[in-house]
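Encoded as structure tokens, the structure appears first; notes follow it.
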Amino acid sequence: MPRPRKSEVQPPPAQVPGDALESAPAAAGLETAETRYTAESLRRNARELFRVNPEVVDGALYGASAHELTIAEAQALIKAYMQREVR
């Protein structure tokens, strides 16, 4: 098989480190906005999202000042609720 001419040889693509791709939006000052859900929506999907009964979500969100929460915020409230001392 004949060798390709120099003009036909394409240079290899530039290698970009994997961590540079992940941190690119953060470096550019862009922030990804998380979706916020109502308490009722979180309650209806409690078993799938948090692996708890809907009643646990009710207790964890009782008295919360926010009307809409991200899944991470709700998870933190549920975790704190489950670790409370029972009187």
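The values are calculated or read from the model by the stated rules, or taken from the named source; none is laboratory data. In this text the structure is predicted, and so the values were computed from the model without any measurement. Neighbour counts are summed over all protein chains in view; Cβ atoms, including those assigned to glycine, are modelled from backbone coordinates with ideal geometry. Heads up: the accessible areas ignore ligands, DNA and RNA and are worked out on the full protein's heavy atoms, side chains in. Shrake-Rupley method; radii C 1.70, N 1.55, O 1.52, S 1.80 Å.
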Does residue 51 satisfy the condition of being modelled with pLDDT of 95 or more, on the phi > 0 side of the Ramachandran plot and not polar (S, T, N, Q)? yes
Kindly provide the set of residues from the range 52-78 that are open to solvent by 60 Å² or more (accessible area, probe 1.4 Å) and more than 17 Å from the chain's Cα centre (by Cα), ordered by number. 53, 55, 58, 62, 63, 65, 67
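Among the residues of the range 30-51, write down those that are open to solvent by less than 30 Å² (accessible area, probe 1.4 Å) and closer than 26 Å to residue 86 by Cβ. If you could, list the steps in order and put the result at the bottom.
Narrowing the range 30-51 to residues open to solvent by less than 30 Å² (accessible area, probe 1.4 Å): 41-42, 46, 50.
Listed by number, the residues that qualify are 42, 46, 50.
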